[in-house]
Amino acid sequence: MSLALTVLGCDGGYPGPGGAGSGYLVSADGAHLCLDLGPGTLARMQQRIDLAQLDAVVISHEHPDHAADLEGLAVALHFADPPRRIPVFAPASVPQHRYFTEWEELDWRTVADGGAVEVAGFRLRFSRTDHGPETLAVRVDRGRAAVGYTGDTGPLWSARELGPGLDLLLCEATWTRAEEGRAQHLSGRQAGRMAREAGARRLVVTHRWPTIPEAAVAEEAARAFEAVVEVARWGASFVAGDAPTDLPAASTA
């Protein structure tokens with residue numbers, strides 16, 4: 001069993017030129033779970049799967065760069081024929097900052113630190129991170145494969161909270177070491193160290209501030225991780241686990 005992680009967007013704070021906010025599609029055996037839905041990610045998701053194939057959404061926190069495209073998803077579901085309802089797992093504050101909260105198509109399900117749920121064959125476990133509004137990292141398990149996603153966090157939280165045996169850790173690395181302390185986010189160095197201490201087998205860095213050079217973040221992350229570090233880019237897919245899985249194909253339209 002394996003999990004496929006496809007990057008829909010990975011820019012931190014705001015989308016850079018041609019970029020998109022945070023959004024990641026986790027797929028296995030025809031089931032699809034979206035982790036965050038920042039600006040620009042809904043359009044990109046539809047280049048990978050039909051929205052009718054989406055089983056659930058997890059939103060790490062209320063900030064627009066992680067949640068803005070929930071509005072478009074609500075509209076698409078509301079006017080689908082027939083209308084569809086999708087569970088959205090999120091901290092309690094997230095629906096308070098959304099527009100179409102009165103529509104039933106987004107089936108809000110509040111989750112919190114230490115919570116665990118199962119949806120579409122995915123087992124999810126949540127841990128509150130070191131970030132301003134309530135922000136939840138998530139561990140996704142299916143079979144023997146495990147992926148961790150930090151959401152946004154500062155260095156006072158540890159990915160060890162997601163438990164041992166992570167095949168892949170998708171970790172925010174907004175800054176380089178020179179910007180550490182500028183906000184509640186990690187540098188590449190801090191992300192690499194966190195992943196190493198958590199015992200993650202692979203590290204994929206994401207959420208880079210658009211004006212920070214990719215190579216600078218990746219290089220210091222690799223030094224701290226003491227192994228090769230992979231970088232999230234739009235369209236990139238990463239497979240976690242022992243066996244191959246079907247990746248959502250890019251649209252030819």
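Since every read-out is calculated from the coordinates, none of them should be taken as a lab result. No experiment lies behind these values; they were computed from the predicted model shown. No Cβ is skipped: glycine too gets one built from the backbone with ideal geometry, and neighbour counts run over all protein chains shown.
If we only count strands (runs of 3 or more DSSP E) wholly inside the range 155-248, which ones have 1 or more residues that are in contact with a His (Cβ under 9 Å, 6 or more places away or on another chain), surrounded by 23 or more Cβ atoms within 10 Å (Cβ to Cβ) and not hydrophobic (A, V, I, L, M, F, W, C)? Show your work before the answer.
Details: elements: 168-172, 203-206, 237-241.
Fully inside the range 155-248 and qualifying: 168-172.
Pick from the range 170-197 the residues that are hydrophobic (A, V, I, L, M, F, W, C) and in contact with a Pro (Cβ under 8 Å, 6 or more places away or on another chain): which of them is farthest from Ala4 (Cα to Cα)?
Taking the range 170-197 and keeping what is hydrophobic (A, V, I, L, M, F, W, C), we get 170-171, 173, 175, 178, 183, 186, 191, 194-195.
Pick out the ones that are also in contact with a Pro (Cβ under 8 Å, 6 or more places away or on another chain) and you get 186, 194.
On the way: Leu186: 25, Met194: 22 Å.
Here the residue is Leu186.
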(request) Tell me, please, whether a residue that is among the aliphatic types (A, V, I, L, M), touching a residue at least 24 places away in the same chain (Cβ under 8 Å) and within 19 Å of Ser127 (Cα to Cα) can be found in the range 178-186. (result) yes
(request) Considering only residues that are touching a Lys or Arg at 6+ places or on another chain (Cβ under 6 Å) and part of a strand (DSSP E or B), look in the range 106-135 and name the one that is surrounded by the fewest Cβ atoms within 10 Å (Cβ to Cβ). (result) Ala116
(message) Residues that are of a type in the set (D, E, K, R), surrounded by 23 or more Cβ atoms within 10 Å (Cβ to Cβ) and over 15 Å from Ala191 (Cα atoms): does the range 142-152 have at least one?
(response) yes
(request) Would you check if Trp103 is aromatic (Phe, Trp, Tyr), surrounded by 15 or more Cβ atoms within 10 Å (Cβ to Cβ) and over 25 Å from Gly163 (Cα atoms)? (result) no
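Please specify each residue of the range 124-148 satisfying the condition of being over 14 Å from Asp113 (Cα atoms), in contact with a strand residue (DSSP E or B) (Cβ under 6 Å, 6 or more places away or on another chain) and in contact (Cβ under 8 Å) with a residue 24 or more places away in the chain.
Our first condition is that a residue be over 14 Å from Asp113 (Cα atoms); within the range 124-148, this holds for 132, 140-148.
In the following step, the residues that additionally are in contact with a strand residue (DSSP E or B) (Cβ under 6 Å, 6 or more places away or on another chain) were identified as 140-142, 145, 147-148.
Hits for the range 124-148 are Val140, Arg142, Ala145, Val147, Gly148.
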